[in-house]
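Below is one structure, written out as structure tokens, with a few remarks after it.
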Amino acid sequence: MCGIIGYIGELHAGGQTDGKESSEATDGGKFQSVGGIVHRGLKNLEYRGYDSAGVALVGPTSGLTVTKRSGEVDGLTVPDIPDATHGVGHTRWSTHGPPTDANAHPHTDCVGDVAVVHNGIVENHETLKRELAGHEFTSDTDTEVIPHLIEEELTADPSADLLTAVQRVEGKLEGSYAICAVREDEGEIVVARRGSPLVLGRGEDATFVASDVTAFLEHTRDVTYLEDGDVASLSADGVEIFASGEPVEREIETVTWEADAAEKGGYDHYMRKEIHEQPSSLRQTLAGRLDADGGDVNLDVSFPPGFLADLEEIRIVACGTSYYAGRYAAQLFEELAGVRATVEIASEYEFGAGRTPDRTLVVAVTQSGETADTLGAVRRANAAGARTFAVTNTLGSTVTREVDGTAFIRAGPEIGVAATKTFASQVATLAMLAVAVGRDRGALAAADARSVLEDLQGLPGAIQQVLDDEEQVREAAREYGDSEAFFFVGRALGVPVALEGALKLKEISYDHAEGFAAGELKHGPLALVTPETPVLAVLTDGARAAETMNNVTEAQTRGAPALGCVSAGDEYDTLDVAFDVPDVGIVEPLVANVYLQLFAYHVANEKGRPIDKPRNLAKSVTVE
Ligand code: F6R
């Protein structure tokens, strides 16, 4: 996830060394340079994950100096700018354009007068770019339109200052953003927030701005959280905040977290933070991609003319959680795109006889883009002559270089080893791909597509409702967490969610957990069912709830406690615990999955497991 830091104040003594060396305080408690302070802020943001970094420093004589590169913060040499008074810095996690030097932030206008760092997505950047005809763009990013828009405002109205220009530009941006802008001749940092967090640090000798408090926590604990729509000016005179152009007061709060807790947003574990991030990460996944009126999606992917119409099969290859996302998606491809869809564990995949390479699309689903088993499957598909496609979270990853096309899930970095938010974003991205393929093939009517898009739009809000219900899950985890084993069941779209629920529990709690198609219980596993083996069932829309409930009853008859994720409005009186799932149609089982993630988390937490780094597991499995 991208990170922002900005500093203006008197903490620095004047630079004699490069920013890297001067990012340590001297004996007098002073840092040697503005660059050093900003560089240190970037170091503090490293935990968020990033692929490029950069800074912009401003001084009365030196003007505006921008330094940026792909790669690590340690490799970024921040220049000596002895007269610098303020600066901004950024760590980038690529969403638009690969991780190159040119795509790193800050971005500047045509004449290098204005520099901007940005978190979030400018959804209408293509339209804005067209309106900025004549401007010279040097990157593939959505962000770059912002400094050019500011330049337009400053050129059109020479009396306008940076604050006024940002206020005017802010009204033109669609999407989510947190922006910090600086200008060559102005002694201020101007910041704006909509949908992406920004917090001000209010020190005695300095003011900071950052995407999260970790960036400046060593300097001050007094903070002001900006609200959506706020624009603020940070200068030597202090802070001014505006909402709808009018000055406003915002509360100053004191942060009591230590840096380690702050990195996790106040949660005990990255996994819990990432579970709670799902509403916002899903908004990022969907941003600018749904054409709700037209009943279509814009995933920015293209296929050769006629390829989708002639398609005989979509074969999904993936491992672990990504494989379960693939199993969910295969059902959507068949239902929405009218095409045969199969899923294969990547390490087992062979192209197979009886298939036609040029009528097969092999889709590799991989969060990291580096999983050796999945890359091996892609290579076998390429060797067979099939068209290959990747759905991944990681720009510039190996898989993106080996396939014919890619859709990014835009979930932001996931640090906990157990995949959570990326599963939701994988399924959402694949659902959009299914709509796109269905529309292209004429298999999906616009009205039906609109209904799927409405379900997707409702997903972040529905997941938020589940998160608000966490206490109920914690209680259930306390009551049933010490059982001998756990069985997870569902039908149809509930099967991959049951499998994923079991995987999540076993990997972080070390308890024995198995997922089944509910109908399979009676064909064997029922022999294991006792009062010590709770059954967790997906009883939502899309999971053939009534039939699944019959199988749950079979287990209850053998004494097993039953916990169910139940569609809003449905009631199963015999359940020991019912978790309410808001009504979002085809993605309801995905919402139920959040209950299962929370259940796994709280069972493991009660047992004191090392949740973010379970034994024997790695985040990225680069061996076959
Ligand atoms: C489970 C988990 C793993 C990964 C699997 C594939 O929580 O994270 O099962 O899903 O190793 O990884 P990617 O998606 O990076 O290919």
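The numbers here are math on the coordinates, done by the rules we state, and not lab data. None of these values were measured; they are calculated from a predicted model. No Cβ is skipped: glycine too gets one built from the backbone with ideal geometry, and neighbour counts run over all protein chains shown.
Helices in the chain, meaning DSSP H runs of at least 4 residues, each add -39500 (n - 2.57). Divided by all residues, the mean residue ellipticity at 222 nm is -10000 deg cm²/dmol. The chain has equivalent-ellipsoid semi-axes of 45, 28, 22 Å, by the square roots of 5 times the alpha carbon gyration tensor eigenvalues, sorted largest first. Arranged from fewest to most other beta-carbon atoms within 10 Å of their beta carbon, TYR328, TYR349 become TYR349, TYR328. Here the gap between GLU484 and ALA243, fully extended at 0.36 nm per residue and compared with their Cα-Cα distance, gives a gain of 81.2 nm. Less than 17 Å apart at the alpha-carbon level, and either on another chain or at least 8 residues along: which lysines does that give for LYS172? Reachable lysines: LYS129. Put in order of Cβ neighbour count within 10 Å, fewest first, the listed residues CYS180, CYS319 become CYS319, CYS180. For segment 3-256, a crude dipole built from +1 on the beta carbon of Lys and Arg and -1 on the beta carbon of Asp and Glu, taken about the Cα centre, is about 580 debye to the nearest 20. The stretch between GLU624 and HIS512, if pulled fully straight at 0.36 nm per residue, gains 37.8 nm over its current Cα-Cα span.
A simple spin-label model places the labels of SER451 and GLU218 5.7 nm from each other, with each point 7 Å out along Cα-to-Cβ. In plain terms, the residue of ASP296, ASP142 with the fewest other Cβ atoms within 10 Å comes first and the most crowded comes last, giving ASP296, ASP142. Seen through its C-alpha gyration tensor, with square-root eigenvalues sorted a ≥ b ≥ c, segment 230-334 comes out oblate because a/c lies at 1.5 or above while a/b is not bigger than b/c. The modelled label-to-label distance for the pair ALA546/ALA236, using points 7 Å beyond Cα in the direction of Cβ, is 7.6 nm. Rounded to the nearest 20, the size of the Cβ-charge dipole of segment 271-465 about its Cα centre is 300 debye, with Lys and Arg at +1 and Asp and Glu at -1.
Mind running the shape call on segment 179-229? Use the C-alpha gyration tensor, a ≥ b ≥ c as the square roots of the eigenvalues: rounded below 1.5 for a/c, prolate if a/b tops b/c, oblate otherwise. Here segment 179-229 falls in the oblate category.
Over segment 469-617, calculate the relative contact order: mean separation of alpha carbon pairs under 8 Å at least 6 apart, over the residue count, as a percent. Relative CO of segment 469-617 lands at 30 percent.
Remark: the ARG401-THR553 segment gains 49.8 nm on full extension, using 0.36 nm per residue and subtracting the alpha carbon distance. Anisotropy class assigned to segment 471-574 is rounded, per the alpha carbon gyration tensor with a/c under the 1.5 cut-off. For the chain, averaging the sequence separation of C-alpha pairs within contact (under 8 Å, six or more residues apart) and dividing by the residue count gives a relative contact order of 10 percent. Under a model in which nothing but the beta-carbon of Lys, Arg (+1) and Asp, Glu (-1) is charged, the chain shows a dipole of about 2040 debye around its Cα centre.
Farthest towards the positive end of the charge dipole of the chain, among the residues ALA56, ALA353, GLY542, is the Cα of ALA353, using unit charges on the Cβ of Lys, Arg, Asp and Glu. Spin-label model, GLU606 to GLU253: label points 7 Å out along the Cα-to-beta-carbon direction sit 3.0 nm apart. Placing unit charges on the Cβ atoms of the charged side chains and taking the dipole of segment 469-617 about its Cα centre, the candidate lying farthest along the positive direction among VAL473, SER567, LEU493 is LEU493.
Any idea which of ALA178, ILE314, HIS118 is furthest toward the positive side of the dipole for the chain, if Lys and Arg beta-carbons carry +1 and Asp and Glu beta-carbons -1? Checked the options; the winner is ILE314.
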